[in-house]
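Here's the structure we're looking at; comments come further down.
The values are calculated or read from the model by the stated rules, or taken from the named source; none is laboratory data. Since the structure is predicted, the reported quantities are computational estimates derived from the model, not experimental observations. Ideal geometry is used to build each Cβ from the backbone, glycine not excepted, and the neighbour counts take in all protein chains shown.
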Amino acid sequence: MTTSIRTGIIGYGLSGRVFHAPFIDVVDGYELTKISTRKPESVSLINRRYPSTVVVPDGQDIIDDPAIDLVIVTSPNTDHFRWAKAALLAGKHAVVEKPFTVSVAEADELIELAKEKGKVLSVYHNRRFTSDTKTVRKLLDSGLLGEVRDYESHFDRYRPEPRPFGAWREKPLPGSGIFYDLGSHLIDQALWFFGMPEAVTAEINAQRPWAKADDHFDVRLHYPAFTATLKSGMLCKIPGATYMIHGTNGSYVKYGLDVQEATLDGGAIPEGKDWGREPEAIWGRINVDYKGVKIQGKLESEHGDYREYFINLRDAIWGKAEIAVKPEEARNVMLIIELAFRSSEERRTIEVEGQ
């Protein structure tokens, strides 16, 4: 197939600017047709970076355009459902920035609608395509660590003061707060590695005195043989390990974040064979005894590459591949989020039904 997938991006904040537009622009098979934004500085930036792309003031201009094949929703979380639903009803494929929606019910409705319309629906759980997550997945699949007995993952930040101009994520709105934002990443990673847990125990709260939305969480996913601990906070001057995994054969510990976001935020174009390569300074460390062979030292990280998401998406739209990030998987993330909030509010462990 040679016809390009004509793509419209709703919103041009951090997500649209850093995580989507650069890839639609460089990955073969796409045409970056339209972007919606009203911010003058964003319009100017788009015109410089993508002179052939049409800028429109409202997402509805993208939905109503019969030439658009794919809609990427990067609006605030409260609008994920309405824009994705509108795109599917208009007969377009849809990608939704994480979190999928703000409720399981909304996620279920979109999944059924996509099936009814015969369109590809996916959620941008991009951290499956980071160097650290790809390395952990490969390490777990290898069996080198033996049976996992403890798993802990952090996504820590230090931001003691409010964002200027009142960022929507810090307002008391559905889908706001750190748990929907960063928790959805950590949950998706754990479910991708280990599947659905048997139960959830969570503490989700606000630590900064001015905070109107949650800015800290400590969530435990209970599996038959171990507990997966997922943590994040906004008062972590010294961040915790990105991954800390202990198995019957040994341990793996990794600090530092994937380099792609910072590189993209600086205006880099995602291209070349060294894209997503981590510096050796932040490779994880391994210490195992595998079949009598002692292995200790740095473990070279896999290359992170968000391009893989968009290549798979293209091939799925063209009917050549199965979608990698399935909406049903993203729906399970929403379920864990809902159960975790319930656990935190009721101060008890909540079982995951059907497990």
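The table for this structure:
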{"read-out": "Residue within segment 8-24 that is at pLDDT 95 or above, surrounded by fewer than 16 Cβ atoms within 10 Å (Cβ to Cβ) and outside the structural domain of residue 276 (by TED's automatic domain parsing) present", "value": "no"}
{"read-out": "Any hit, segment 111-127, residues being in contact with a strand residue (DSSP E or B) (Cβ under 8 Å, 6 or more places away or on another chain), at pLDDT 95 or above, closer than 20 Å to residue 25 by Cα and of a type in the set (Phe, Trp, Tyr)", "value": "yes"}
{"read-out": "Enumeration of residues in segment 37-54 that are within 24 Å of residue 85 (Cβ to Cβ) and within 26 Å of the chain's Cα centre (by Cα)", "value": "37, 38"}
{"read-out": "Failed item, numbered, when residue 333 is tested on (1) under 15 Å from the mean Cα position of the chain (by Cα); (2) in a strand (DSSP E or B)", "value": "(2)"}
{"read-out": "Any hit, segment 47-56, residues being among the polar types (S, T, N, Q) and in a helix (DSSP H, G or I)", "value": "yes"}
{"read-out": "Some residue of segment 261-275 being crowded, with 20+ Cβ neighbours inside 10 Å, of a type in the set (S, T, N, Q) and within 25 Å of residue 188 (Cβ to Cβ)", "value": "no"}
{"read-out": "Answer from 214, 218 - the residue that is without any contact (Cβ under 8 Å) to a residue 24 or more places away in the chain, in contact with a strand residue (DSSP E or B) (Cβ under 7 Å, 6 or more places away or on another chain), within 26 Å of residue 346 (Cα to Cα) and outside any helix (DSSP H, G or I)", "value": "218"}
{"read-out": "Contacts under 8 angstrom Cβ, first residue in segment 108-128 being over 21 Å from residue 307 (Cα atoms), partner of a type in the set (Phe, Trp, Tyr), 6 or more apart", "value": "109/81; 110/81; 110/100"}
{"read-out": "Cβ-Cβ under 7 Å pairs, at least 6 apart or on other chains, segment 42-54 side not assigned by TED's automatic domain parsing to the domain that holds residue 17, far side part of a helix (DSSP H, G or I)", "value": "none"}
{"read-out": "Verdict on residue 322 being loosely packed, with under 13 Cβ neighbours inside 10 Å, in contact (Cβ under 8 Å) with a residue 24 or more places away in the chain, among the acidic types (Asp, Glu) and not assigned by TED's automatic domain parsing to the domain that holds residue 28", "value": "no"}
{"read-out": "Segment 286-325, residues that are farther than 30 Å from residue 271 by Cβ, among the acidic types (Asp, Glu) and not in a strand (DSSP E or B)", "value": "none"}
{"read-out": "Exclusive hit being under 22 Å from residue 158 (Cβ atoms) and modelled with pLDDT of 95 or more, set 198, 203", "value": "203"}
{"read-out": "Residue list for segment 282-305, filter: free of Cβ contacts under 8 Å to residues at least 12 places away in the same chain and either among the small types (Gly, Ala, Ser) or touching a Pro at 6+ places or on another chain (Cβ under 8 Å) (or both)", "value": "292"}
{"read-out": "Enumeration of residues in segment 186-203 that are hydrophobic (A, V, I, L, M, F, W, C) and in a loop (DSSP other than H, G, I, E, B)", "value": "196"}
